[in-house]
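The values are calculated or read from the model by the stated rules, or taken from the named source; none is laboratory data. Because the structure is a prediction, the values reported are computed rather than measured. Positions of Cβ are backbone-derived with ideal geometry, glycine not excepted, and every protein chain shown enters the neighbour counts. What goes into the accessible areas is simple: the full protein's heavy atoms, side chains included, and nothing from ligands, DNA or RNA. Shrake-Rupley method; radii C 1.70, N 1.55, O 1.52, S 1.80 Å.
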Amino acid sequence: MKTYKTIIVDDHPIVISGVSGLLSDLDKIELVQTLESGVTLLDYIGANKVDLILMDIFLPLINGVDLCKTIKQKHPKVIIIGMSSQSERSLVMQFIQNGGNGYILKNASFEEFKCCIYKAIDGEIVFSDEVKTIISQPLSEDLEYIPSLSRREKDIVVLLSKGKSTQEIADELFLSFLTVQTHRRNILQKYKMKNVAELMTHLLKNNLLN
């Protein structure tokens, strides 16, 4: 069974203590380090293998939103889940757009943390329940243009939201790589998006992945 080398980054020792206790009860999770700033995190992952980061959004010196983008540019496969007591929609969406794999409020239950961590490991973008409620309310300006997708395009969008690559989608749907690539391009054109990350942010923001 694969274990995921995990780091907690938070400048509040009580949060680190609580989340550490939670992780100790989870299979597959190996807590390898706890850190209190983004600077020490960048130093650590530059020298050590890391699979999963649970990170405070409001860290000193480098905030979690910018830190997420920096890490993902160098280590795209690292799973990053943001933790915060703030649930502003724009903050959540910016974090996801910067490559974040999920956003959990610190007042979430043990079961929510556990569920989000396991789903993130499986490739899903995850949110604690309260965050889901906030981002599921479409803004009026977001409703101006919602294109229709074919059944096949919808299947591909769902698999993209789970982090599947073009080849993995082709294998799962028994299609050629080129066919999936064409569908991806058409989907991006329909939504007028530049890339898949931008598309996922738009679909999540408008609750269009349900």
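Taking the criterion of being outside any helix (DSSP H, G or I), open to solvent by 20 Å² or more (accessible area, probe 1.4 Å) and not aromatic (Phe, Trp, Tyr), the residues of segment 41-59 that qualify are ASN48, LYS49.
Screening ASN63 against (1) in contact with a Cys (Cβ under 7 Å, 6 or more places away or on another chain); (2) more than 18 Å from LEU208 (Cα to Cα) leaves a single unmet condition, (1). In segment 164-189, which residues are within 18 Å of GLY99 (Cα to Cα) and open to solvent by 60 Å² or more (accessible area, probe 1.4 Å)? Within segment 164-189, LYS164 is the sole residue that qualifies. Residues that are surrounded by 17 or more Cβ atoms within 10 Å (Cβ to Cβ), over 20 Å from the mean Cα position of the chain (by Cα) and outside any strand (DSSP E or B) within segment 23-36 comprise just one, GLU36. Of the residues LEU160, LEU208, the single one that is on the phi < 0 side of the Ramachandran plot and at pLDDT below 85 is LEU208. Could you tell me how many of the residues in segment 60-98 are of a type in the set (Val, Ile, Thr) and either part of a loop (DSSP other than H, G, I, E, B) or farther than 19 Å from GLU36 by Cβ (or both)? Within segment 60-98, residues that are of a type in the set (Val, Ile, Thr) and either part of a loop (DSSP other than H, G, I, E, B) or farther than 19 Å from GLU36 by Cβ (or both) number 5.
Table: residues versus (1) touching a residue at least 40 places away in the same chain (Cβ under 8 Å); (2) more than 27 Å from ASP27 (Cα to Cα); (3) of a type outside the set (A, V, I, L, M).
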site: MET93; (1), (2), (3): yes, yes, no
site: ALA108; (1), (2), (3): no, no, no
site: GLU111; (1), (2), (3): no, no, yes
site: ASP171; (1), (2), (3): no, yes, yes
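Is one or more of the residues making up segment 112-135 of a type in the set (Lys, Arg), open to solvent by 60 Å² or more (accessible area, probe 1.4 Å) and modelled with pLDDT of 90 or more? Yes, there is a match, as at least one residue in segment 112-135 is of a type in the set (Lys, Arg), open to solvent by 60 Å² or more (accessible area, probe 1.4 Å) and modelled with pLDDT of 90 or more. Of all residues in segment 153-167, which are more than 19 Å from LEU204 (Cβ to Cβ), under 19 Å from the mean Cα position of the chain (by Cα) and in a helix (DSSP H, G or I)? If the condition is that a residue be more than 19 Å from LEU204 (Cβ to Cβ), under 19 Å from the mean Cα position of the chain (by Cα) and in a helix (DSSP H, G or I), then THR166 is the only one that fits. Here ILE104 passes the criteria (1) in a loop (DSSP other than H, G, I, E, B); (2) surrounded by 14 or more Cβ atoms within 10 Å (Cβ to Cβ); (3) modelled with pLDDT of 85 or more except the one numbered (1).
Scanning segment 88-100 for residues that are open to solvent by 30 Å² or more (accessible area, probe 1.4 Å) and more than 12 Å from GLY64 (Cβ to Cβ) yields GLU88, ARG89, SER90, GLN97.
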